[in-house]
Amino acid sequence: MFNLTAKALACALSLAIAGMAQAAEPIVIKFSHVVAENTPKGQGALLFKKLAEERLPGQVKVEVYANSSLFGDGKEMEALLLGDVQLIAPSLAKFEQYTKQLQVFDLPFLFDDIAAVDRFQQSAAGQGLLKSMESKNITGLAYWHNGMKQLSANKALYEPKDARGLKFRVQASAVLEEQFKAVRANPRKMSFAEVYQGLQTGVVNGAENPWSNIYSQKMHEVQKFITESDHGVLDYMLITNTSFWNGLPAEVRSELEKINVEVAAEVNKQADALNQEAKQSIVDAKSSEIIQLTPEQRGKWRDAMKPVWKKFEGDIGADLIKAAEAANQQ
Ligand code: LMR
């Protein structure tokens with residue numbers, strides 16, 4: 001009897017302590033990213049924080065670090081694997097060390113528009129890619145849109161020959177390097193935080209980014225021309241450390257999963273509007289000229305860059321490229 005009571009007491013005590021510990025110490029989720037807050041990813045991170053803290057009060061605390069303030073894009077993946085951050089949303093161009101399949105998103109002129117990108121991401125093939133890095137302890141939670149990329153430079157770019165010899169900043173992606181080599185330009189890998197200065201000092205002459213990134217980093221102030229090329233996509237995968245995620249209390253994880261569905265839907269609904277607003281602000285700033293391509297000029301860029309697909313078909317998989325292409329026709 002005594003034993004039983006003592007055991008019951010000890011058990012109740014340890015539950016109470018665990019409860020107190022839980023109440024006293026929320027799970028801290030650090031979310032680090034490299035862009036400004038007034039961008040699709042910046043807004044998505046803040047919305048995730050708001051919903052998580054509202055719906056899991058005292059249980060979860062989300063710290064958002066924008067603008068490479070905690071980790072730049074050379075380091076954020078490593079930090080996630082080491083457990084120094086719990087959520088990041090790198091651009092799909094930045095995963096090649098972990099899976100070659102995501103390179104599909106960088107292939108130039110593969111997707112007609114962001115709606116096609118969305119259909120592919122939501123397809124069985126696209127959803128499968130979220131799980132493609134679990135053996136590396138990385139779990140994909142959602143896709144977030146930014147938008148289609150535009151070419152910027154200090155020279156007017158109407159046709160591929162105009163880019164010849166220019167130095168273009170690229171994300172850490174072999175596909176994007178080949179894309180610029182295909183027009184006989186010189187690609188240079190550079191982390192996002194360094195792009196503005198790189199353009200300003202002439203280390204590079206041009207870059208490619210969606211409007212929201214161009215505007216929020218003030219790249220339009222140091223680029224005389226922006227060609228509305230829509231030649232590729234810059235989207236994100238929201239990822240977490242698999243062990244961290246699987247180790248969360250089940251009810252916390254399932255609430256966060258619901259929140260992730262909502263946040264992704266909201267980011268993806270707002271992304272285009274944010275890019276259009278950013279484009280308008282660039283037009284209003286009058287610091288750079290926006291070049292519209294004729295269908296014929298755009299066709300020339302497409303013809304020059306499309307051979308890149310073949311070079312990566314072996315790594316990406318021909319079936320995956322076909323599945324992505326098929327999303328254009330739906
Ligand atoms: C870039 O490096 O240009 C982008 O990936 C930055 C971002 O996260 O949008």
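The values are calculated or read from the model by the stated rules, or taken from the named source; none is laboratory data. Just so you know, these numbers come straight off a predicted model, no measurement behind them. So basically every Cβ, Gly included, is an ideal-geometry build from the backbone, and we count neighbours across all protein chains shown. Remember, those area values only see protein heavy atoms, side chains included, never the ligands or the DNA or RNA. Shrake-Rupley method; radii C 1.70, N 1.55, O 1.52, S 1.80 Å.
Run through every distinct alpha carbon pair of the chain and return the Kirkwood hydrodynamic radius in angstroms, one decimal place. Don't skip to the answer; put the middle values down first.
Working: mean 1/r = 0.0475 Å⁻¹.
Kirkwood hydrodynamic radius for the chain: 21.1 Å.
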query = Percent of accessible area on the stretch 186-225 owned by carbon and sulfur, 1.4 Å probe?
reply = 41 percent
task = Would you mind checking the pairs Lys30/Lys50; Lys181/Lys311; Lys75/Lys258; Lys94/Lys279 and listing those with alpha carbons more than 19 angstrom apart?
result = Lys75/Lys258; Lys94/Lys279
task = With label points built 7 Å along Cα→Cβ from the Cα atoms of Asp319 and Glu134, find their separation and express it in nm.
result = 1.8 nm
task = Enter the mean projected area of the convex hull around the alpha-carbon atoms of the stretch 96-239, in nm², rounded to one decimal.
result = 8.2 nm²
Rg in Å to one decimal, and Dmax rounded to a whole Å, for the stretch 24-98 via C-alpha atoms = 12.6, 40
task = Taking the dipole about the Cα centre of the chain, with the C-beta of Lys and Arg at +1 and of Asp and Glu at -1, give me whichever of Trp211, Ile290, Val222 is farthest to the positive side.
result = Val222
ask   = What do you get for Rg/Rh of the stretch 145-207 when both radii come from the Cα atoms and Rh is the Kirkwood radius?
value = 0.94
ask   = Where does the Debye-calculated log10 I(q)/I(0) of the stretch 248-287 sit at q = 0.17 Å⁻¹, using only Cα point scatterers of equal weight, no solvent?
value = -0.58
Debye intensity ratio in log₁₀ form over the Cα atoms of the stretch 34-183, taken at each q of 0.12, 0.20, 0.21 Å⁻¹ = -0.62, -1.49, -1.56
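Which semi-axes, in whole Å and largest first, does the equivalent ellipsoid of the stretch 169-256 have when worked out from the alpha carbon gyration tensor as the square roots of 5 times its eigenvalues? Each step should come with its number before you reach the end.
On the way: eigenvalues 233, 48, 33 Å².
Whole-Å semi-axes of the equivalent ellipsoid: 34, 16, 13.
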ask   = the stretch 138-177 to the stretch 22-95: how many Å between their Cα centroids?
value = 25 Å
ask   = For the chain, what is the percent of antiparallel DSSP beta bridges, rounded to the nearest 5?
value = 55 percent
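Over all distinct alpha-carbon pairs, what is the Kirkwood Rh of the stretch 259-330 in angstrom?
Numbers: mean 1/r = 0.0620 Å⁻¹.
Value: 16.1 Å, from the Cα pair sum.
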